[in-house]
Amino acid sequence: MNFTKDVTISPADLSKDLKKIIRVKLIEQITGTCNEKFGYFIKVLKIGDIQNGYIMDGSGDIIFKMSYEAVLFRPFVNEVSDGVIEKILPLDGGIHVKVGPMLVFIPKEYIPNTYILEEKNNYYYNEKDDSDILKEGEKVRFKYKDIQFDQNDFKPVGTMAEKYLGHILE
């Protein structure tokens with residue numbers, strides 16, 4: 001996707017390689033950020049033209065308008081995704097699944113009812129197949145049930161309690 005952004009350079013940063021400084025500053029300002037409309041900015045792919053800068057009165061900072069393309073990641077309700085179990089939450093009765101830069105909470109009621117929490121060893125096992133264990137590091141497939149956006153981050157809730165979702169056995 002294409003975007004534009006104003007990048008501010010202080011007079012102390014002016015040097016022979018100004019274009020490189022501007023590009024690095026843009027990448028630092030964008031990469032890893034998140035907003036509700038576009039999601040997570042994963043990586044700047046391409047930087048377009050850098051327009052002539054203008055000087056800010058008082059500070060002497062120079063503002064350059066530039067265009068860029070970025071790789072984005074944004075979850076959507078009812079979208080199916082794969083992730084890796086980051087943490088079993090025995091007190092909350094669920095799991096946290098890592099998907100890119102985001103943690104998805106899957107509450108116990110959205111884990112198939114054939115899985116039983118083994119509190120002593122902190123994992124879920126399938127009562128129909130003892131070798132089927134949900135633990136940290138295991139891959140799972142889930143569907144986003146609800147997605148809230150708060151404090152520049154998504155707070156999604158997922159489910160594995162539907163057909164074709166759950167533990168990805170390799």
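The values are calculated or read from the model by the stated rules, or taken from the named source; none is laboratory data. Please read all numbers here as calculations on a predicted model, not as lab measurements. When we count neighbours, we look across all protein chains shown, and the Cβ atoms used for this are built from the backbone with ideal geometry, even at glycine. For the accessible areas, the whole protein counts, side chains as well, though only heavy atoms, and no ligand, DNA or RNA atoms are used. Shrake-Rupley method; radii C 1.70, N 1.55, O 1.52, S 1.80 Å.
Can you name every residue in the range 66-82 that is within 15 Å of the chain's Cα centre (by Cα), open to solvent by less than 70 Å² (accessible area, probe 1.4 Å) and over 16 Å from Asp146 (Cβ atoms)? Correct list: Ala70, Val71, Leu72, Phe73. Pairs linking a residue in the range 114-128 that is within 16 Å of Val140 (Cα to Cα) to a residue that is surrounded by 15 or more Cβ atoms within 10 Å (Cβ to Cβ) and of a type in the set (S, T, N, Q), with Cβ atoms under 7 Å and 6 or more positions apart or on different chains, are Thr114/Asn126; Tyr115/Asn126. Could you please find all residues in the range 88-99 being touching a residue at least 24 places away in the same chain (Cβ under 8 Å), open to solvent by 20 Å² or more (accessible area, probe 1.4 Å) and aliphatic (A, V, I, L, M)? Matches in the range 88-99: none.
Could you tell me which residue of the range 38-65 is surrounded by the most Cβ atoms within 10 Å (Cβ to Cβ), considering only residues that are of a type in the set (A, V, I, L, M, F, W, C) and outside any strand (DSSP E or B)? The residue in question is Phe38. In the set (1) aliphatic (A, V, I, L, M); (2) over 19 Å from Asp92 (Cα atoms); (3) out of contact with any Lys or Arg (no Cβ under 9 Å at 6 or more places or on another chain), Ile168 fails one condition alone, (3). Which residue is farthest from Pro156 (Cα to Cα), if the candidates are limited to the range 105-129 and must be of a type outside the set (D, E, K, R) and touching a Ser or Thr at 6+ places or on another chain (Cβ under 8 Å)? Step by step, filter the range 105-129, then rank; the result is Asn126. Looking only at the range 1-37, how many residues end up being under 28 Å from Gln151 (Cβ atoms), outside any strand (DSSP E or B) and open to solvent by 50 Å² or more (accessible area, probe 1.4 Å)? Adding up the residues that qualify gives 11.
Restricted to the range 120-170, and to residues there that are surrounded by 15 or more Cβ atoms within 10 Å (Cβ to Cβ) and of a type in the set (A, V, I, L, M), the residue that is farthest from the chain's Cα centre (by Cα) is Ile133. Listed by position, the strands (runs of 3 or more DSSP E) enclosed by the range 88-145 that each have at least 2 residues that are among the aliphatic types (A, V, I, L, M) are 94-99, 102-107, 115-118, 129-134. Does the range 43-50 contain any residue that is under 28 Å from Ala161 (Cβ atoms), out of contact with any strand residue (DSSP E or B) (no Cβ under 6 Å at 6 or more places or on another chain) and free of Cβ contacts under 8 Å to residues at least 24 places away in the same chain? Checking the range 43-50: not a single residue is under 28 Å from Ala161 (Cβ atoms), out of contact with any strand residue (DSSP E or B) (no Cβ under 6 Å at 6 or more places or on another chain) and free of Cβ contacts under 8 Å to residues at least 24 places away in the same chain. Taking the numbered list (1) closer than 30 Å to Met1 by Cβ; (2) at pLDDT below 95; (3) in contact with a strand residue (DSSP E or B) (Cβ under 6 Å, 6 or more places away or on another chain) in turn, Asn126 passes all entries but (1). For the range 100-119, a tally of residues being open to solvent by less than 50 Å² (accessible area, probe 1.4 Å) and either of a type in the set (Val, Ile, Thr) or within 19 Å of Ile147 (Cβ to Cβ) (or both) returns 6.
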